[in-house]
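Engineer: One structure, pasted below without further comment.
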Amino acid sequence: MALIVQKYGGTSVGNPERIKNVARRVARAHAEGHKLVVVVSAMSGETNRLVALAKEVQANPDPRELDVVISTGEQVTIGLLSMALQAEGIKARSYTGPQVRILTDSSFTKARILKIDEDRMRKDLDEGCVVVVAGFQGVDDAGNITTLGRGGSDTTGVALAAALRADECQIYTDVDGVYTTDPRIVPEARKLDRITFEEMLEMASLGSKVLQIRSVEFAGKYKVKLRVLSSFQDGGEGTLITFEEDTKMEQPIISGIAFNRDEAKLTIQGVPDRPGIAYQILGPVAEANIDVDMIIQNVGQDGSTDFSFTVPRGEMDRAMSILEGVKTHTGAREVHGDRTMAKVSVVGVGMRSHVGVASRMFRTLAEEGINIQMISTSEIKISVAIDEKYLELAVRVLHKAFELDQTAA
Ligand code: ADP
Ligand code: ASP
Ligand code: MG
């Protein structure tokens with residue numbers, strides 16, 4: 001008998017029939033004697049609908065109130081799933097994040113989990129009850145409802161698994177595992193049986209939304225056994241996120257390709273080229289809690305230089321107005337923004353022992369006439385920023401160039 005946390009995403013609970021399907025799956029695991037905590041997302045499209053609704057009322061929704069609104073989607077699905085489980089003859093009880101007491105910080109819309117109260121869940125589990133918990137939400141110290149960022153139900157799942165020291169955390173979704181790249185873009189993408197934690201962390205942070213990055217961070221920190229599986233197929237081992245590199249197998253150079261269309265580039269031209277300028281530009285951006293990703297500072301000429309960086313597209317307007325302020329401060333010449341950027345990254349631990357990955361990537365893109373605007377690298381990834389209109393082409397040609405469509409030896 002094991003303690004298992006199962007998480008079902010939006011598509012998997014997208015309508016009453018699918019919720020009943022989830023209930024049957026949970027019932028099966030319950031019948032095998034496992035203790036189960038089930039985390040669910042809102043029905044697919046629901047969180048988007050709620051965000052749009054909020055924006056109709058307030059163009060820039062107040063973050064605290066936005067969380068009050070968008071956390072409601074999950075409250076619907078926990079109740080419905082508990083009912084469906086009861087209809088299967090199983091004792092089930094649902095809890096919102098605040099009811100469990102998933103304590104978070106107060107960063108509305110992107111809160112971090114600080115502590116989870118496990119008493120109530122343990123008590124129910126000991127009584128043979130399936131515990132159903134709303135993903136994506138928590139409560140701060142002052143009792144405010146918070147949400148964990150888009151895709152945050154994954155993080156709820158893994159965090160609960162960590163808190164309960166569960167034997168496994170199973171993320172059920174609409175694909176049967178982690179693929180070499182998004183199978184919606186490249187039909188030839190292959191499912192990976194295993195992926196290292198480090199690679200998964202890069203893939204998630206670089207835009208593969210199959211797992212929210214924070215869920216992977218949690219899994220790493222608390223050594224949670226994490227698996228991605230299909231909620232629509234039976235059987236199948238899905239993809240296991242492993243902590244060790246498989247040294248027996250010949251490593252492929254690249255394990256996967258991640259991409260993100262949600263990027264914007266900001267440039268400030270003609271800033272004085274002196275110590276402290278990067279801080280003067282990026283300090284206020286960081287203070288506004290805007291994530292900066294790629295950064296380029298050009299070689300200075302005649303005492304001045306240009307500085308470019310990327311931010312999430314939704315933050316571009318805020319970042320622009322901050323830069324306008326910096327421009328006045330520093331006497332910079334010009335500020336401009338481009339909201340049609342995308343980022344493509346190749347990821348793989350095999351890169352450590354291979355040279356020429358970057359040149360193969362750049363050559364492949366050049367052959368298609370795709371201009372690279374920014375580059376950043378780490379030990380196991382290379383990312384490039386390109387015009388969004390070439391994104392799908394770039395992913396497809398890179399997938400082929402690195403032979404990811406061929407089965408591993
Ligand atoms: P859920 O609603 O279950 O949380 P998501 O839509 O958040 O599901 O994540 C699953 C989707 O992630 C898949 O349908 C797929 O299109 C996309 N995806 C992106 N990159 C990958 C990848 N490398 N492997 C598998 N799926 C991926
Ligand atoms: N419902 C939330 C979202 O759409 C959380 C999740 O699905 O993981 O982002
Ligand atoms: Mg998701």
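Engineer: Which ones in segment 34-55 are closer than 23 Å to residue 100 by Cα and open to solvent by 20 Å² or more (accessible area, probe 1.4 Å)?
Structural biologist: Scanning segment 34-55 gives 34, 35, 43, 46.
Engineer: At positive phi, without any contact (Cβ under 8 Å) to a residue 12 or more places away in the chain and open to solvent by 50 Å² or more (accessible area, probe 1.4 Å) - does that describe any residue in segment 361-372?
Structural biologist: Yes, some residue in segment 361-372 is at positive phi, without any contact (Cβ under 8 Å) to a residue 12 or more places away in the chain and open to solvent by 50 Å² or more (accessible area, probe 1.4 Å).
Engineer: Among the strands (runs of 3 or more DSSP E) contained in segment 246-314, which hold 3 or more residues that are hydroxyl-bearing (Ser, Thr, Tyr) and open to solvent by less than 40 Å² (accessible area, probe 1.4 Å)?
Structural biologist: 304-312
Engineer: Looking only at segment 171-217, count every residue that is assigned to a helix (DSSP H, G or I) and within 14 Å of ligand 2 (Cβ to nearest atom) and tell me the total.
Structural biologist: 5
Engineer: In segment 184-206, which residues are within 21 Å of residue 262 (Cβ to Cβ) and either open to solvent by 40 Å² or more (accessible area, probe 1.4 Å) or among the polar types (S, T, N, Q) (or both)?
Structural biologist: 184, 201, 205
Engineer: How do the helices (runs of 4 or more DSSP H) wholly within segment 1-77 filter down when requiring 2 or more residues that are acidic (Asp, Glu): which remain?
Structural biologist: Result: 46-57, 63-70.
Engineer: Which residue is surrounded by the fewest Cβ atoms within 10 Å (Cβ to Cβ), if the candidates are limited to segment 115-149 and must be under 24 Å from the mean Cα position of the chain (by Cα), more than 16 Å from ligand 1 (Cβ to nearest atom) and outside any strand (DSSP E or B)?
Structural biologist: Looking at residues that are under 24 Å from the mean Cα position of the chain (by Cα), more than 16 Å from ligand 1 (Cβ to nearest atom) and outside any strand (DSSP E or B), I get 144.
Engineer: Would you point out which residue out of 31, 87, 59 is more than 15 Å from ligand 2 (Cβ to nearest atom), at pLDDT below 95 and open to solvent by 80 Å² or more (accessible area, probe 1.4 Å)?
Structural biologist: Checking each option against the conditions leaves just 59.
Engineer: Turning to a different aspect of this structure: Would you check if residue 94 is at pLDDT 95 or above, within 16 Å of residue 138 (Cβ to Cβ) and open to solvent by 20 Å² or more (accessible area, probe 1.4 Å)?
Structural biologist: For residue 94, the condition - at pLDDT 95 or above, within 16 Å of residue 138 (Cβ to Cβ) and open to solvent by 20 Å² or more (accessible area, probe 1.4 Å) - is met.
Engineer: Further question: Name every residue in segment 94-105 that is over 20 Å from the mean Cα position of the chain (by Cα) and in a loop (DSSP other than H, G, I, E, B), in order of residue number.
Structural biologist: 96, 101
The values are calculated or read from the model by the stated rules, or taken from the named source; none is laboratory data. From a predicted model like this one, the values you see are computed outputs, not experimental measurements. Please note: Cβ atoms are built from the backbone with ideal geometry, for glycine as well, and neighbour counts cover all protein chains shown. To get the accessible areas, we keep the full protein, side chains included, count just its heavy atoms, and leave off ligands, DNA and RNA. Shrake-Rupley method; radii C 1.70, N 1.55, O 1.52, S 1.80 Å.
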